1. Restricting to region 45-86, and then to whatever is touching a strand residue (DSSP E or B) at 6+ places or on another chain (Cβ under 9 Å) and polar (S, T, N, Q), can you tell me which residue is farthest from residue 22 (Cα to Cα)?
2. Could you please find all residues in region 80-111 being closer than 30 Å to residue 26 by Cβ and either in the same structural domain as residue 27 (by TED's automatic domain parsing) or modelled with pLDDT under 85 (or both)?
3. Among the residues of region 90-103, write down those that are surrounded by 10 or more Cβ atoms within 10 Å (Cβ to Cβ) and in a helix (DSSP H, G or I).
4. Considering every residue within region 56-76, establish whether at least one is without any contact (Cβ under 8 Å) to a residue 60 or more places away in the chain, farther than 30 Å from residue 102 by Cβ, in contact with a Ser or Thr (Cβ under 7 Å, 6 or more places away or on another chain) and among the small types (Gly, Ala, Ser).
Amino acid sequence: MATIRATCPTCGDVELTTNDVRVRVCLDDDRGEYSFRCPICVMTVVKPAEARTVDLLVASGVHLDTWTLPLELHERPTIGAPINHDDIIDFHDVLANDDLLTEALESLDQA
């Protein structure tokens, strides 16, 4: 099992095994990162990783996870104008007033 040297922002350089490190790569934009739990302070450390670093870690036996960006990032609203500051204030006023909130909820039932 390979020994991997990494840096904890609190404790400095630490030595890990391949089982202590995880690599994640986004399938949409090829962004990579690796994470480990510091053996000294037990905090989880996550750091960005270039493709070369990802390849080296995986080749040494580190487990690779892949993920994709949420679909919501690709959605674009097609109806209505964007929400603005006044809309948020109006919404707050409705939530703060029981009568207005009841009217708003009843109007949804009728729609």
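The values are calculated or read from the model by the stated rules, or taken from the named source; none is laboratory data. Everything numeric in this text was worked out from a predicted model, so none of it was measured. Every residue, glycine as well, gets a Cβ built from its backbone with ideal geometry; the counts of neighbours run over all protein chains shown.
1. Checking each candidate, the answer is 68.
2. Within region 80-111, 82 is the sole residue that qualifies.
3. 90, 91, 92, 93, 94, 95, 100, 101, 102, 103
4. yes
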